[in-house]
Structures are given as C-alpha cells and as structure tokens.
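> Input: one structure, supplied below.
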Amino acid sequence: QVQLVESGGGLVQPGGSLRLSCAASGSIFSIYAMGWYRQAPGKQRELVASITSAGRTNYADSVKGRFTISRDNPKNTSYLQMNNLKPEDTAVYYCNAVLMLSHRDTYNAYWGQGTQVTVSS
C-alpha cells in the first residue's frame, strides 16, 4: 500500500509564500517522477510542476519564476515552494508520484488527498 501525504497548505495574502511537502510511504521500489497538480472550483485539474528522479523539472507557464519544485530522493519527498502567490493560485493542490512497487511492476500514478491553498486579502 502506498500513501502520499501532503502538508503545508493554508491561507496566505497575495504576494506571500507557502511551501508544500509530499511524503510517499509504503512498499516502494522506485519513484520515477513526483509532481504537483491543482484544481480550482469549476476547473479541470492541471499540472503545476513535476520533477524526475534525475532532477529534470517542468512547470506550468502560469507559475514559472514563482514556484520551485524540489525532491529529496532518499526520503521519497517532494516540495513545492510557492512565492509571490496570486489569488488565481487558489486551488486544492494534489501530490502525484509515478512509481513502481517492485522490479516486476510497471510504473503507475498515485495521488495524495489534496491540500487547500487560498490566496486572499
């Protein structure tokens, strides 16, 4: 059984910062990539940022220059540093990991339960 546990969401004023964390636990053989998605009310879930085990990153255009994703491979943990937050960043943020449970497995995607980020004055 794999669990992805997010933390760090909350309420912040425009221009403020938050740091999200996602820890993957369980019987994990290998994690290829970890990422963060978000879903605002009435909108589809969208990719915010992702990072591979080699450190290659990908960002949505709307967050480039403001958000930074990082990863601690030995701890199976990813982080999303969010700076200069805007009201349009308000959403539920979901952690995602593409991983294998054993060497016989294939890579599959797993999701956290989500954490609310609200940017408002």
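> So which lysines can K86 reach, going by Cα to Cα under 20 Å and dropping same-chain residues fewer than 8 places off?
Correct list for K86: K43, K64.
> Could you list which residues have their amide H under 5 Å from that of N76, counting only those 5 or more apart in sequence or on another chain, with H placed in the peptide plane?
none
> Under 5 Å between amide hydrogens, which residues at least 5 positions from F67 or on another chain qualify, with H placed 1.01 Å from N in the peptide plane?
Distant-sequence amide H within range of F67: N83.
> A follow-up question, please. Pop a pseudo-label 7 angstrom from the Cα along the beta-carbon direction at both Q44 and Y107 and give the gap in nm to one decimal.
Between Q44 and Y107, the label points sit 2.2 nm apart.
> Given a cut-off of under 8 Å on Cα pairs at least six residues apart, what relative contact order in percent is computed for the chain? Mind dumping the intermediate values first?
Working: 308 pairs, mean separation 43.5, N = 121.
Answer for the chain is 36 percent.
> Over the heavy atoms of K75, what accessible area does a 1.4 Å probe trace out, to the nearest 10 Å²?
Looks like 130 Å² after rounding.
> Leaving out ligands and nucleic acids, and using a 1.4 Å probe, what accessible area per residue does segment 36-88 come to in Å²?
58
> Applying the Karplus parametrisation 6.51 cos²θ - 1.76 cosθ + 1.60 with θ = phi - 60° to the phi angles of segment 53-62, what ³J(HN,Hα) value in whole Hz is obtained for each residue in order, glycine and proline being reported as x?
5, 8, x, 6, 10, 9, 10, 5, 4, 5
> What part of the accessible area of the chain, given as a whole %, is carbon or sulfur when the probe is 1.4 angstrom?
47
> So how do S62, S121, S30 rank on accessible area, 1.4 Å probe, biggest first, that is with the largest at the start?
S121, S62, S30
> Go through segment 1-53 and name the chymotrypsin sites (Phe, Trp or Tyr not before Pro) that are in a DSSP coil and have 12 or fewer other Cβ atoms within 10 Å of their Cβ.
F29
> Given the chain, what whole percent of its Cα pairs are spread farther than 20 Å?
39
> What lysines sit close enough to K75 to cross-link, taking a C-alpha to C-alpha distance under 17 Å and skipping anything fewer than 8 places away on the same chain?
Within reach: none.
> Heavy atoms of the protein only, probe of 1.4 Å, neighbouring chains included. What is the accessible area of E46 in Å², nearest 10?
For E46, solvent-accessible area is about 80 Å².
> Which ³J(HN,Hα) values in Hz, rounded to whole numbers, follow from the phi angles of segment 9-26 under the Karplus curve 6.51 cos²θ - 1.76 cosθ + 1.60, where θ = phi - 60° and Gly and Pro get x?
x, x, 9, 9, 7, x, x, x, 10, 9, 10, 9, 10, 9, 10, 9, 9, x
The values are calculated or read from the model by the stated rules, or taken from the named source; none is laboratory data. Just so it is clear, the model here is predicted, and its values are computed rather than measured. Virtual Cβ from ideal backbone geometry, glycine too; neighbours counted across all protein chains shown. Side chains are part of the model used for accessible areas, which takes the heavy atoms of the whole protein and leaves out ligands, DNA and RNA. Shrake-Rupley method; radii C 1.70, N 1.55, O 1.52, S 1.80 Å.
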